[in-house]
Amino acid sequence: MLLCIDCGNTNTVFSVWDGGAFLGTWRTSTEWQRTADQYYVWLSTLMETRSLDVTIDQVIISSTVPRVVFNLRVLCDRYFGTRPLVVGKPDCLLPVPPRVEEGVRPGPDRLANAVGAFDRHGGDAVVVDFGTATNFDVVAEDGAYVGGVIAPGVNLSLEALHQGAAALPHVDITKPDRVIGTNTVSCIQSGVFWGYIGLIQGITDRIKGEYGRPMNVIGTGGLAPLFATGDVLFDVIEDDLTMHGLTVIHRYNKENGTV
């Protein structure tokens, strides 16, 4: 059984893949101090609550936080008896290598997004991933990651606004009933929601114009469904795109004998 781990700056997601479907997915906050033993107790307890009795013997990791990887490697060795495949490392093959400037190492989550998007929808695509940052990942016709855009994430922007302006409260992001707010909270919600609608539309339109050919726009990440309610932003929304990309990368390495 394959365990997929996607470690982002804010949250880390664990998913168990049986070769055809994800049997369970769990999320925890990303903390580099968390030990392998703590990971195992947390994960095994959650698996027990789902009555999920499986043997994990393969692991693939995507991590944008290098300090976390060591303890995840210990977790794999100590409790699963396996050496994990880590996206972005030289021994982890990609179906199509990225085409970026020499010496640049794209984020492993962006590589997984490109692989997952190509596997499900083909090339010539833009993946808009709502995380700590809002990433726009451009996938070429052959499935290669060829660059993109990084913008501040929605929650990061809200937190910066709250921290930088003493009189402004912290609010939850939601679609406001009206653009013109009549109180402080609705004004902030309108500015963030419709501001990001404009950001997404503007950047994807410019990417398409520069790319010079039709492209699918794929939304992923927790806030993608919310922003899809504001306008026609995405051709499709994929909740598990990054994790799916990890399964494809693992399968490719297995077929090529690296795991």
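The values are calculated or read from the model by the stated rules, or taken from the named source; none is laboratory data. These numbers were taken from a predicted model, which means no experiment stands behind them. Glycine also receives a Cβ, built like all others from the backbone with ideal geometry; neighbour counts cover every protein chain displayed. Ligands, DNA and RNA are excluded from the accessible area calculation, which covers all protein heavy atoms including side chains. Shrake-Rupley method; radii C 1.70, N 1.55, O 1.52, S 1.80 Å.
How about segment 53-71: which of its residues are touching a Ser or Thr at 6+ places or on another chain (Cβ under 9 Å), among the β-branched types (Val, Ile, Thr) and surrounded by 16 or more Cβ atoms within 10 Å (Cβ to Cβ)?
Ile56, Val59, Ile60, Thr64, Val68, Val69
Filter segment 72-131 for residues that are in contact with a helix residue (DSSP H, G or I) (Cβ under 6 Å, 6 or more places away or on another chain), surrounded by fewer than 21 Cβ atoms within 10 Å (Cβ to Cβ) and of a type in the set (D, E, K, R); which is farthest from Ile249 (Cα to Cα)?
That would be Arg78.
Scan segment 178-185 and give yes if some residue there is under 18 Å from Ala140 (Cα atoms), open to solvent by 60 Å² or more (accessible area, probe 1.4 Å) and of a type outside the set (Val, Ile, Thr), otherwise no.
The answer is no, given that none of the residues of segment 178-185 is under 18 Å from Ala140 (Cα atoms), open to solvent by 60 Å² or more (accessible area, probe 1.4 Å) and of a type outside the set (Val, Ile, Thr).
Would segment 45-52 turn up any residue that is in a loop (DSSP other than H, G, I, E, B), over 18 Å from the mean Cα position of the chain (by Cα) and either touching a residue at least 60 places away in the same chain (Cβ under 8 Å) or buried (at least 16 other Cβ atoms within 10 Å of the Cβ) (or both)?
no
Take the residues of segment 212-248 that are surrounded by 16 or more Cβ atoms within 10 Å (Cβ to Cβ) and hydroxyl-bearing (Ser, Thr, Tyr): which is nearest to Asp177 (Cα to Cα)?
Checked segment 212-248; the qualifying residue nearest to Asp177 (Cα to Cα) is Thr220.
Got at least one residue in segment 62-69 being touching a residue at least 60 places away in the same chain (Cβ under 8 Å), closer than 14 Å to Thr220 by Cβ and under 16 Å from the mean Cα position of the chain (by Cα)?
Yes, some residue in segment 62-69 is touching a residue at least 60 places away in the same chain (Cβ under 8 Å), closer than 14 Å to Thr220 by Cβ and under 16 Å from the mean Cα position of the chain (by Cα).
Go through segment 74-98 and count every residue that is of a type in the set (D, E, K, R) and within 20 Å of the chain's Cα centre (by Cα).
1
Out of all the residues in segment 1-44, which are open to solvent by less than 40 Å² (accessible area, probe 1.4 Å) and in contact with a Leu (Cβ under 8 Å, 6 or more places away or on another chain)?
Residues satisfying the conditions are Cys4, Ile5, Asp6, Cys7, Phe14, Ser15, Val16, Gly24, Trp26, Ala36, Tyr39.
Looking only at segment 205-259, how many residues end up being assigned to a loop (DSSP other than H, G, I, E, B), more than 21 Å from the chain's Cα centre (by Cα) and either without any contact (Cβ under 8 Å) to a residue 40 or more places away in the chain or closer than 11 Å to Asn113 by Cα (or both)?
4
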